[in-house]
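To start, the structure itself, in structure tokens.
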Amino acid sequence: MKRNLFTVLLLLSVGIALPGMWRVILAPKEISYVQEENANQTDGEGEIPPEENPLQEENSLQEETGEQKQESEGAEAEKDFTSVDTSYWSDALFIGDSRTVGLSEYADLGEADVFAYSGMSVYTVFQVELEAGQSGKQTLEELLTEREYGKIYIMMGINELGYDYNATVKKYQELVERIHELQPQAILFLEANLHVTKKKSDSERIYNNPSIDRINQAIEELADNKIYFYIDVNELFDDGQGNLDVSYTADEAHVLGKHYVEWAEWLLKKGIVS
Amino acid sequence: MVFSSLEFIFVFLTVFLLIYYITPEKGKNLVLLLGSLLFYSYGSYRQPAHILLMIFSILINYLTGRLIDGKRNPRERRKWLAVGLIYNFTWLFLFKLPMTGWTLPIGISFYTFQMVSYLADVYWRRVRAEDSIVRLGVYLCMFPQLIAGPIVSYRKIASSLRKRKVTADGIEWGLRTFVIGLGMKVLLANQLGKLWNDVNTIGYESISTQLAWLGILGFSLQIYFDFYGYSLMAMGLGKLMGFQLPVNFKHPYMALTMTEFFRKWHITLGNWFREYVYIPLGGSRAGTLKMIRNTVIVWLFTGIWHGSSWNFVLWGMFLCLLILIEKAGLSKLLNRFPLIGHAYMCIMIPVSWLIFAVTDLGQLKIYLYKLFPFLGEAGEALFLQDYLKYGKIYGVSLILGLIFVTRLPAKLYRRHQNKLLVVLILLAVFWLSVYCLYIGMDDPFLYFRF
């Protein structure tokens, strides 16, 4: 018995776990399918798969909020983009996921603060504690009450693609509104999510370009060109067909380190000066 | 279906072993053959032609083996051997040729070599041709070694194909070996592989020299634990059915010379090349010039066997050159002064794996310049503290990896293997691996993050 103790313990534990493991292994596809269906239903137009008609669907939903914005901020005039240099970022804050991490590591963002980590999403952005400002680890809320920023860049939405679409849009909107509440003087740059390559897009059920376009579209709807500005870096890295050009990437989803430099230069052409 | 997947462990293997153990002695080989074909079909269901090719190859090699064995006339025997060799190598060649653009059938590099060794051994009268097609089928495609070896020679397991015994101790050993291999693959190789991915994501031009070394160290450890882990899992699975599959790795990273390294790395492949290429060509007995020629041929084919892009040829030739230089006298020095030997291998192992890993020759040059900045300029490191960041993320995996390439863990294991603590550690390794596989599968947000 003692010589075969491992056999006994392993088989015993496997035997106990087996029913549960089978449920997990043999069911996952079904579960994801149900989730997807639910997402479609809550879109309001269950019959139209989001991949086929991503734009039409949320227009009606988003117009409303867009109008609200225009009403409340109606007094101010719209502003245009101008070229600036990195000193522009001395009072800037970047919030985002791994793409923002990449920017902060491989490009020169001047003296900007960066509140970003790989895997950041609108669902976690108020929960995580990160080292962004001068006071060590803190939450976004703490950071935003501690210091006044002139501009805040937000790039998120791709890690959220597995979640319910409407819930994500709502969360994103809440995030943007909360930031504006805490930093009423700041300009908010709402950045489009970078596409993935065609190869990746075609093979991914969740992280594909139609889904990215869909969330980007919703983000664009929030822009009013007075406080909220939408900028879309895909014009810089696209292959002409709405995919990330393969020559810019090794993992099909992030640009190579050196291209973050171009990305930052592009951002500098999109300055808003009052 | 890879061994390190929940589907394999909890569905295929569990059900298969239950059926296998309750089947009477006579039917076990048939169950194993059908199970292996099912296992193969699961991995190749998109290419039904690959499954047919496998079955067809079993038939052809069965017949060819019988023909070689049955003839007395040496010319006839040679003719049928040639037919068999041409048949087997043509498929391998066609599938490996980049021009055809065909998908490589899973395991073809391994099973082709097994078939060739079988025919050659029958031809040399080292063994009689197998008279049961089921047994030959089991030899050629039994699932433990179908995908990634070890490359087993027929004459070494011919007797086990007829009669083998499963004992409680054998099962204990098999399960332990499988779990150790699983842990190497899931807990070490998979984690270390992410570091190499990160380095590729950044692009070689933009990394620091420190990160370049860290990255290739990560790759070197990954490829070892990946392959060694897989070989151990294969051995363990074989033992569960009463087969003793050969050892494929013996602490290669402790070697003092490249020559020694490849006697300890993927041993069954090295043995195959020695037995069926190097020695038939005359080995080292026919003078220095012929020895050099034979060594070059072996390494050229070893390179091509691993992949069909130019870097694999370069990799083979690089190793060939080192081995010839060592033969010319360097190995005496390296063996006499182990410190120098280890230092030499600390450079040569990563550099050789780099040539292996980077298929684009331009990129390879950039990476080499990053490793050795005195060679030339290869783009500016844009994020100077990158190695600190990745060192922090992968430090534990790297250190564990470095510990597990030494002989110490195996030594400690052998001494204490019957202690309760060791049993509990192995149990923890198994369930931790399962947990890692589970989050990799079920949680795309953890597995695939932006």
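Read-outs throughout are calculated quantities, based only on the coordinates presented, and are distinct from any laboratory measurement. Since we're looking at a predicted model, the values are computed, not measured. Heads up, the Cβs are rebuilt from the backbone with ideal geometry, glycines too, and the neighbour counts pull from every protein chain shown.
Across the options B:PRO48, B:TRP91, B:PRO74, the greatest Cα extent toward the positive end of the charge dipole of region B:7-122 (unit charges at beta carbon of Lys, Arg, Asp, Glu) belongs to B:PRO74. I want the local charge near B:PHE261. Using Cβ-Cβ distances under 11 Å, sum +1 for each Lys or Arg and -1 for each Asp or Glu among the other residues. It works out to a net charge of +1. Here region B:11-123 is treated as a Stokes sphere of Kirkwood radius computed over C-alpha pairs; at 10 °C and 1.306 mPa s its diffusion coefficient rounds to 100 µm²/s.
Shape analysis of the protein assembly as shown yields a ratio of the Cα radius of gyration to the Kirkwood radius, Rg/Rh, of 1.02. Which FRET efficiency value, to the nearest 0.05, is calculated for A:GLN185 and A:LEU236 with the Förster distance at 30 angstrom and r the Cβ-Cβ distance? So, using R0 = 30 Å, E works out to roughly 0.55.
For chain B, a Gaussian network of Cα nodes joined below 10 Å ranks B:LEU146, B:LEU245, B:LEU281 by mean-square fluctuation, and the top entry is B:LEU281. Sites listed here are trypsin sites (Lys or Arg not before Pro) in region B:242-306 whose DSSP assignment is loop and whose Cβ has at most 10 other Cβ atoms within 10 Å: B:ARG285. Just list whichever of A:LYS151/B:LYS389; B:LYS28/B:LYS239; A:LYS79/A:LYS137; B:LYS28/B:LYS156 have alpha carbons separated by over 24 Å in the model shown. The answer is A:LYS151/B:LYS389; A:LYS79/A:LYS137. Calculated on C-alpha atoms, the gyration radius of region B:21-66 divided by its Kirkwood radius gives an Rg/Rh of 1.07.
Shielding value for B:200-208 is 6, the average number of Cβ atoms from other chains within 10 Å of each residue's Cβ. When the square roots of the Cα gyration tensor eigenvalues are ordered a ≥ b ≥ c, the ratio a/c for region B:60-156 is 1.5 or more and a/b does not exceed b/c, which makes its shape oblate.
Computing FRET efficiency as 1/(1 + (r/R0)^6) for A:ARG3 and B:ARG407, where r is the C-beta to C-beta distance and R0 is 22 Å, gives about 0.35.
Cα gyration tensor of region B:305-450, axes a ≥ b ≥ c as square roots of the eigenvalues: rounded (a/c below 1.5), prolate (a/b > b/c) or oblate? Since a/c reaches 1.5 but b/c is at least a/b, the shape of region B:305-450 is classed as oblate. The DSSP beta bridges internal to region A:116-231 are antiparallel in roughly 20% of cases. Taking label positions 7 Å along the Cα-Cβ direction at both A:SER90 and B:LEU104, the computed distance is 5.7 nm, reported to one decimal. For B:LEU187, neighbours were defined as the other residues whose beta-carbon sits under 13 Å from its Cβ, and their charges (Lys and Arg +1, Asp and Glu -1) total +1. Residues whose amide H falls under 5 Å from that of A:VAL233, counting only those 5 or more places apart or on a different chain, are A:ALA192, with hydrogens built in the peptide plane.
All other residues whose Cβ lies under 14 angstrom from that of B:TRP310 are scored, Lys and Arg at +1 and Asp and Glu at -1, for a net of +1.
Taking every DSSP bridge with both residues inside the protein assembly as shown, close to 25 percent are antiparallel. Suppose R0 equals 51 Å; then what is the FRET efficiency for B:LEU333 and A:LYS137 from their Cβ-Cβ distance, rounded to the nearest 0.05? Calculated value: 0.45. Neighbouring Cβ atoms from other chains, within 10 Å of the Cβ of residues in A:117-125, number 2 on average. Oblate is the label for chain B, because a/c, from the alpha-carbon gyration tensor with a ≥ b ≥ c as root eigenvalues, is 1.5 or above and a/b does not exceed b/c.
Of the residues A:ASP91, A:ASP239, the one with the fewest other Cβ atoms within 10 Å heads the list, and the complete ranking is A:ASP239, A:ASP91.
Model label points for A:TRP266 and B:ASN418, set 7 angstrom from Cα along the Cα-to-Cβ axis, are 6.7 nm apart. When both region B:189-231 and region B:32-91 are represented by their alpha-carbon centers, they are found 38 Å apart. Listed by chain and number, the lysines whose alpha-carbon sits under 25 Å from that of A:LYS198, ignoring those within fewer than 8 places in the same chain, are A:LYS29, A:LYS258, B:LYS194.
When the protein assembly as shown is described by a simple charge dipole with +1 on each Lys and Arg Cβ and -1 on each Asp and Glu Cβ, the residue from A:SER104, B:PHE430, B:GLY218 located farthest towards its positive end is B:PHE430.
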